[in-house]
Each structure stands twice: as structure tokens, then as C-alpha cells.
Amino acid sequence: MNRLFIGIDVGSRDNAVYIMLPDGSKHSSFAVQNNLGGAQILSQRVVAALTEKNLPAVVIGMEATSVYGNNLLCFLREDGALGRFERKLHVLNPKQVKKFKDAYLDLPKNDLVDAFVIADHLRFGRITAPVYMEDYRYKALQNL
């Protein structure tokens, strides 16, 4: 199935995003703030790419980074605009991402490169299951 692959390198202030086409080529890369406005921009750009390329599905992955990605993950899961498409969400172990990146020689270390590596890792399809999210209404209590 043709899918769009989204790699997100989550940071405390900004999220680096890499949108990869099914053949592995770059659609776009950009940064958004790690807040509600940034999540909405991310969603709009993903929906625009899916519509432009006439793709039915998206696979979104981000590296586990403490609590910085939790709100974004919940937003992407509940977003109505993305709900029109089949979607899978993955939270990847940083060690898993680093090992995958080691296969690429001489890649620099920056957020957009890390987002590319996450998207490419998703494209290879060796990730067993999408992330399971318990009832997010209790997430704040868990974090407390």
C-alpha cells in the first residue's frame, strides 16, 4: 500500500519534521513549535501532502523523548483532519533509531537528519506494532 512516512524529531521547544514519499524521496522537511499551534500546522501539512499525492495512509513516528512528545502524540491520534486517512503512530526507542542511523555513513547530527532517519526507518517497515495509548485523560496524573 502506498503510504506517506512522517519522521518527527521531538524537542522541548521545536519539532523537526521530515515527510517522505513511498519511494523514499523527500516531499518536504520543516520545523514547527512543540505546542498546539505547531501540531495543527503539522497536521495541515501532512493532510495537504496526502491529498496532493492521493495517498490513503500515513505512518508517523517519533523518538521517545521523556514527556515532550506526549501531547503531540495525543493530538495526532485524535485529530479529525487526519482521521480521514488510515494512520499508524509509532514511538521509537532512541537506541533503535541510533542503530538504524549507524547504517548511514557520514550523516551529520542535526534534528532534520534525525527526522529523516525516523521516516526512513518507518519506510523499511521493521517496526512490529503501532503505539498503544491508554486512556490519555489520565496522562497528566501519570506525569505528576
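The values are calculated or read from the model by the stated rules, or taken from the named source; none is laboratory data. Just so it is clear, the model here is predicted, and its values are computed rather than measured. For accessibility, only protein heavy atoms count, side chains too; no ligands or nucleic acids. Shrake-Rupley method; radii C 1.70, N 1.55, O 1.52, S 1.80 Å.
The table that follows gives values for the structure above.
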| item | result |
| --- | --- |
| Over the chain: helical MRE at 222 nm, DSSP H runs n ≥ 4 each giving -39500 (n - 2.57), nearest 500 | -11000 deg cm²/dmol |
| Residue-wise HN-Hα coupling along region 45-53, computed from phi with Karplus coefficients 6.51, -1.76, 1.60 (Hz; x: Gly, Pro) | 6, 5, 4, 4, 5, 4, 5, 4, 8 |
| Rh (Kirkwood; distinct C-alpha pairs) - region 11-96, Å | 13.3 Å |
| Globularity index of the chain, i.e. its alpha-carbon radius of gyration over 2.2 N^0.38 Å | 0.98 |
| Length released on extending from Lys88 to Ala48, taking residue separation times 0.36 nm less the Cα-Cα span | 12.7 nm |
| Carbon/sulfur fraction of accessible area - the chain, other protein chains in place, 1.4 Å, % | 51 percent |
| Distant-in-sequence amide H partners of Arg87 (H built 1.01 Å from N, under 5 Å) | Val58 |
| ³J(HN,Hα) computed for each position of region 94-110 - Karplus, 6.51 cos²θ - 1.76 cosθ + 1.60, integer Hz, glycine/proline x | x, 5, 4, 5, 4, 5, 5, 5, 4, 6, 9, 7, 6, 7, x, 9, 8 |
| J(HN,Hα) series, region 16-22, from Karplus relation 6.51 cos²θ - 1.76 cosθ + 1.60, nearest Hz, glycine and proline x | 8, 10, 10, 9, 10, 7, x |
| Heavy-atom surface of the chain, accessible at 1.4 Å and reported per residue (Å²) | 57 Å² |
